[in-house]
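Asks: The structure's right below; bear with me while I get my questions together.
The values are calculated or read from the model by the stated rules, or taken from the named source; none is laboratory data. These numbers come from a predicted model, not from an experiment. For neighbour counting, all protein chains shown are included, and Cβ atoms are generated from backbone atoms with ideal geometry for every residue, glycine included. Please note that ligands, DNA and RNA were not included when accessible areas were found on the heavy atoms of the full protein model with its side chains. Shrake-Rupley method; radii C 1.70, N 1.55, O 1.52, S 1.80 Å.
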Amino acid sequence: MSARNREWPVVLALTPVLILILAPFVWLVISSFKTEAEIGRADPFTWPANLIWRNYLDAWQIGGFGDLVGNSLINLVGVVLLSLITCAPAGYALAKIRFPGREWLFYAFILGLTVPVQAIVIPLYQVLFGLNLVNTLAGIVLVQVSNGIPFGIFLMRSFFISVPDDLVEAAKIDGASHFQILTKVFLPISAPAVQALVIISALSTWNDFFLPLIVLISPEVQTLPLGLVRFASTYASDYRLVFSGTVISFLPIILLYILMQRRFTEGLTQGAIKG
């Protein structure tokens, strides 16, 4: 039996699962183009008579999605950049620099993966309040970066530790510092791991509801998930607006994942195999 023939049973088994997963999203997207009368019909999967693009414009204007998307983008960019700046050097140091207590320090970071953020939300809020970072985008960026650091360090170390030590020694002979080795040798060859970290950080940041709920209070600084809940509760009876706003909220991050999914998969698999 050829490899392609062996794949067919797996494809047939996973197809119903894929349909179950995609059906709610397909229904949501189709419904977002309908009128209120069409949404109320018995068959939810009927195609609208006309695509009502106005639903998206109304949702964008009424819900203030421009500010919400802007806040979420600022939050996302800040978290992704700080995650790379902190996790890449830390992963390199824990993988290639020998110093006393290196293994214990790595285990301490890994221990952070076992602590749910809900367990530390009270002291976390007290720290932010003492630093005057409550209700600020800077505060939520720092909180989300610190929450993602344990996994980010684990991912980058898993990739870096597989790189031959001979590369490090050769670079040292040429007079390169550890910073130069990281930026000119390790980061260029670890693009899959870096892109995997970018996607994971972006996904978790864009979809995060709990931490922004604790830190961000004013509507002016709230991110998209918070704004969407507020918008949906205000216009709960206007389904066309709620559906359109929901599509607006998840469409950017889905597009990002589609564009980078191959690198994302490569980064996770290479890190797992090499680590």
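Asks: Give me the extension gain from residue 20 to residue 97: residue separation times 0.36 nm, minus the current Cα-Cα distance, reported in nm with one decimal. It would help to have the intermediate numbers written out before the result.
Replies: Numbers: separation 77, 0.36 × 77 = 27.72 nm, distance 4.78 nm.
Contour length minus the Cα-Cα distance gives 22.9 nm.
Asks: At q = 0.17, 0.21, 0.24 Å⁻¹, what base-10 log of I(q)/I(0) does the Debye formula yield for region 160-271 when every alpha carbon is treated as an equal point scatterer in vacuo?
Replies: -0.89, -1.08, -1.21
Asks: Return one whole number: the accessible area per residue of the chain in Å², for a 1.4 Å probe. All intermediate terms of the calculation are to be shown ahead of the outcome.
Replies: Numbers: 15540 Å² over 275 residues.
Per-residue value: 57 Å².
Asks: So which residue, out of 132, 147, 71, gets the largest mean-square fluctuation from a GNM of the chain using Cα contacts under 10 Å as springs?
Replies: 132
Asks: Ranking request for peptides 152-160, 174-182: highest mean number of other beta-carbon atoms within 10 Å first, then the rest in descending order.
Replies: 152-160, 174-182
Asks: Let me know the shape class of region 1-99, please: from the alpha-carbon gyration tensor, a ≥ b ≥ c as square roots of the eigenvalues, rounded when a/c is under 1.5, otherwise prolate if a/b is greater than b/c, or oblate.
Replies: Oblate is the answer for region 1-99, as a/c is 1.5 or above yet b/c matches or exceeds a/b.
Asks: As an exercise, identify the trypsin sites (Lys or Arg not before Pro) in region 1-83 lying in DSSP coil whose Cβ has no more than 11 other Cβ atoms within 10 Å.
Replies: 41
Asks: Using a Gaussian network for the chain with springs between C-alpha atoms less than 10 Å apart, which of these wobbles most: 142, 259, 18?
Replies: Residue with maximal mean-square fluctuation among 142, 259, 18: 18.
Asks: Could I ask something else about it? Under 15 Å Cα-Cα from residue 34, which aspartates and glutamates qualify once same-chain neighbours fewer than 8 residues away are excluded?
Replies: Within reach: 43, 58, 238.
Asks: Give me the angle, in degrees from 0 to 90, between the Cα long axis of helix 191-207 and the longest principal axis of the Cα atoms of the chain, rounded to the nearest 10.
Replies: The two axes meet at around 40 degrees.
Asks: Distance between Cα centroids, region 222-260 to region 53-89: provide it in whole Å.
Replies: After rounding, the separation between the Cα centres reads 12 Å.
Asks: Let me know the charge dipole size of region 164-254 about its Cα centre in debye, to the nearest 20, where only the beta-carbon of Lys, Arg (+1) and Asp, Glu (-1) is charged.
Replies: On the way: 4 positive and 7 negative charges, 74 e Å.
So the dipole magnitude of region 164-254 works out to roughly 360 debye.
Asks: Determine the share of the chain's accessible area contributed by carbon and sulfur atoms, expressed in whole percent, with a 1.4 angstrom probe.
Replies: 70 percent
Asks: About the Cα centre of the chain, what is the dipole size in debye to 20, counting +1 per Lys and Arg Cβ and -1 per Asp and Glu Cβ, all else neutral?
Replies: 480 debye
Asks: At a threshold of 8 angstrom on Cα-Cα distance, excluding pairs fewer than six apart, so keeping six or more, what relative contact order does the chain reach in percent?
Replies: RCO, the chain: 31 percent.
Asks: So how long is each side of the chain along the principal axes, counting just the alpha-carbon atoms, biggest first, in Å?
Replies: 73, 66, 33
Asks: Let me ask you something else. Using only Cα atoms, what Kirkwood radius does region 46-101 have, in angstroms? Before the final figure, lay out the partial values.
Replies: Details: mean 1/r = 0.0648 Å⁻¹.
Taking every pair of different Cα atoms in region 46-101, averaging 1/r and inverting gives 15.4 Å.
Asks: Moving on. Quick one: among 86, 205, 183, which has the greatest mean-square fluctuation in a GNM of the chain with alpha-carbon springs under 10 angstrom?
Replies: Comparing 86, 205, 183 in the GNM, the peak value goes to 183.
Asks: To continue, here is another question. Given a 1.4 Å probe and heavy atoms of the protein chains only, how would you sort 56, 257, largest accessible area at the top? Provide the component values of the computation, followed by the final result.
Replies: Working: 56 40, 257 80 Å².
Solvent-accessible surface, decreasing: 257, 56.
Asks: Given region 208-253, report the % of alpha carbon pairs whose separation exceeds 16 Å.
Replies: So the pairs more than 16 Å apart make up 39 percent of the total in region 208-253.
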